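Presented below is the structure to which this report refers.
The values are calculated or read from the model by the stated rules, or taken from the named source; none is laboratory data. Being a predicted model, the structure only gives us computed values, none of them experimental. Positions of Cβ are generated from backbone atoms using ideal geometry, with glycine treated the same way; all protein chains shown enter the neighbour counts.
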Amino acid sequence: MDRSVIQELIDKGEQIETAARALKAISHPLRLKILCVVSGEEVCVQDIVDAVGTSQSNISQHLGILRDKGVLQTRKDANRVYYRVADQRTLQLIVMMREIFCGAH
């Protein structure tokens, strides 16, 4: 590998850390399902529960992990919490993964 390429990777350490955190956070099958639902739009918890088909407490636990790792952001409106992907780069990754693994074209 060329030294300049190695140095460029070293210089992008923070970006690599961000990518690693996002990949680690989305590596659970249920979280990947959640992200397939949320990708590209803002979705409330109940809609995620309905789409994924598991309990609200289970979904909330995984949404909390995704939020804490910076993958998702929230917006509260009255008694509803809406989730969306926090970073455009992460959204691009999720869209690609959704096309490949979730069958969306």
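Descriptive notes on the structure:
Residues checked against (1) under 12 Å from residue 40 (Cα atoms); (2) of a type in the set (Ser, Thr, Tyr); (3) modelled with pLDDT under 90:
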position: 65; (1), (2), (3): no, no, no
position: 73; (1), (2), (3): no, no, no
position: 76; (1), (2), (3): no, no, no
position: 80; (1), (2), (3): no, no, no
position: 84; (1), (2), (3): yes, no, no
position: 87; (1), (2), (3): yes, no, yes
position: 94; (1), (2), (3): yes, no, yes
position: 101; (1), (2), (3): no, no, yes
position: 104; (1), (2), (3): no, no, yes
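- Residue list for the range 26-68, restricted to those being touching a residue at least 12 places away in the same chain (Cβ under 8 Å), surrounded by fewer than 16 Cβ atoms within 10 Å (Cβ to Cβ) and not aliphatic (A, V, I, L, M): 28, 40, 41, 42, 44, 46, 54, 58, 60
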